[in-house]
Amino acid sequence: MKNHSALINPVILIIDDVADIVEEMIQMLALLDLPAIGARSIATGIAQLNQNPDVALLICDLRLPGENGADIRARIAGAAGLEDRVFTIIFMSGDTERAEAMAVEPGNIILTKPIEPSVLIDTIFACLDLDLDVGATTGKKLRQTRCR
């Protein structure tokens, strides 16, 4: 099994049907020297996972046209070549009730939209087990979110 903590440059895959959200997140992560790629559907996301062995973290919208973002775990498990890879998934949702229902399931990390950038960044760094020292800009060290 490939553990994401062993990766030198873990890649983040963002799955959202809104192209502007994907692009904004990729640009924000680039400012933090975190490589990211995007997909607009689960099928495209699975293809990206097959093409990019360094993807360790997925950020997936729950509400995608014609599909449920929560199905991504099962789709990954059923995809040839991905069954032995380890991924952490952060789900995003603008639907508070849906997010609350999914949060009950163990291991789910759910952020509700609109997502405060500092919360998203803190969650990403915690999930990748990276330290983010932002003392120069905020006077704080962000490291409160637990991924596991």
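The values are calculated or read from the model by the stated rules, or taken from the named source; none is laboratory data. Remember, it's a predicted structure, so these values are computed and weren't measured experimentally. Just so you know, the surface numbers come from the protein's heavy atoms only, side chains and all, with ligands and any DNA or RNA stripped out. Shrake-Rupley method; radii C 1.70, N 1.55, O 1.52, S 1.80 Å.
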Inset, instruction - Would you give the gap between the C-alpha center of region 83-113 and the C-alpha center of region 51-76, rounded to a whole Å? - result: 11 Å
Inset, instruction - Mind grabbing the accessible area of Val86 for me, 1.4 Å probe, Å², rounded to tens? - result: 50 Å²
Inset, instruction - Taking only protein heavy atoms into account and a 1.4 Å probe, give the accessible area per residue of region 53-105 in Å². - result: 47 Å²
Inset, instruction - Measure off, as a whole percent, the carbon and sulfur share of the 1.4 Å-probe accessible area of region 36-96, all protein chains present. - result: 48 percent
Inset, instruction - Note down the accessible area of Met102, probe 1.4 Å, to the nearest 10 Å². - result: 20 Å²
Inset, instruction - Let me have the relative contact order for region 1-89, percent, based on Cα pairs under 8 Å that are six or more residues apart. - result: 36 percent
